[in-house]
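Peer 1: Below you will find the structure I want to go over with you.
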Amino acid sequence: MNENLFTPFTIPMMLGIPITTLIIMFPTMLFPTPNQLINNRMITIQQWLTKLTSKQLMNTHNPKGQTWSLMFISLFLFITFTNLLGMLPHSFTPTAQLSMNLGMAIPLWAGTVVMGFRNKTKISLAHLLPLGTPTFLIPMLVMIETISLFIQPLALAVRLTANITAGHLLLHLIGSATLALVNISLFTALITFTILTLLTILEFAVALIQAYVFTLLVSLYLQDNT
């Protein structure tokens, strides 16, 4: 095992050229394209999960917000498979990079905010000032609400980055400890290996949950602005 703790989070290079784009495009190859009249089980399960997730995300939206459903499903599947890609041995996790997560969060957040100010200008401006605010507190509250509005995409990106990074670091540390304990105490190494197995299962769950949370929060931002 590589002793460098942060090696899984460094950008991979090939002939001096970053290959991050190729890695990000790899999960799209995992989606089979239906080309038969009767789908097989894999495509049927994929379509069922897609419809279930779409229903959970869009059941509270009005018709204008439901036009974003295809983009939300694409975003959810992309983040899910990108997170799972990082679970492969000696692989690279693109969602552990804050720059990439900001690149997803900022345009989506900006799109929902611009839509809100365009279609519901008065309501969007009213969100910056709670009802019944004393006059002397109005400038301070407007400033606080404005800052909280602009912090939303940063919170989206940092939440995803922190959860993916923390899980991978923990797996790396426990895996290194297991290898070191094999020559010292086989019983202790077996215990740490069991913990490593359970954490690996948990990390798979975290990869799915964080993809859903990211998409759900963007969906809630859209719901507030449509």
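Peer 1: Can you name every residue in the range 133-152 that is assigned to a helix (DSSP H, G or I) and touching a helix residue (DSSP H, G or I) at 6+ places or on another chain (Cβ under 8 Å)?
Peer 2: Here is the first cut: in the range 133-152, the ones assigned to a helix (DSSP H, G or I) are 135-152.
If the condition is that a residue be assigned to a helix (DSSP H, G or I) and touching a helix residue (DSSP H, G or I) at 6+ places or on another chain (Cβ under 8 Å), then LEU149, GLN152 are the ones that fit.
Peer 1: Same structure, new question: Within the range 47-91, can you find the residues that are within 21 Å of ASN119 (Cα to Cα), outside any helix (DSSP H, G or I) and open to solvent by less than 20 Å² (accessible area, probe 1.4 Å)?
Peer 2: Of everything in the range 47-91, just one residue is within 21 Å of ASN119 (Cα to Cα), outside any helix (DSSP H, G or I) and open to solvent by less than 20 Å² (accessible area, probe 1.4 Å), namely HIS61.
Peer 1: Same structure again: Would you pick out the residues in the range 92-132 that are in contact (Cβ under 8 Å) with a residue 24 or more places away in the chain, open to solvent by 30 Å² or more (accessible area, probe 1.4 Å) and not in a helix (DSSP H, G or I)?
Peer 2: Across the range 92-132, the qualifying residues are GLN97, LYS120, HIS127.
For every residue, the table says whether it meets (1) at pLDDT 85 or above; (2) small (Gly, Ala, Ser); (3) in contact with a helix residue (DSSP H, G or I) (Cβ under 6 Å, 6 or more places away or on another chain).
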| site | (1), (2), (3) |
| --- | --- |
| LEU154 | yes, no, no |
| ARG159 | yes, no, no |
| HIS168 | no, no, yes |
| HIS172 | no, no, no |
| VAL182 | no, no, yes |
| LEU186 | no, no, no |
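Peer 1: Condition check: at negative phi and in contact with a Gly (Cβ under 6 Å, 6 or more places away or on another chain). Does THR178 satisfy that? Steps first, answer last, please.
Peer 2: Working: at negative phi: yes; in contact with a Gly (Cβ under 6 Å, 6 or more places away or on another chain): no.
No; evaluated as a whole, the condition is false for this residue.
The values are calculated or read from the model by the stated rules, or taken from the named source; none is laboratory data. This one's a predicted model, so the numbers in the text were calculated from it and none came from an experiment. Ideal geometry is used to build each Cβ from the backbone, glycine not excepted, and the neighbour counts take in all protein chains shown. Keep in mind that these areas ignore ligands, DNA and RNA; they rest on the heavy atoms of the full protein, side chains included. Shrake-Rupley method; radii C 1.70, N 1.55, O 1.52, S 1.80 Å.
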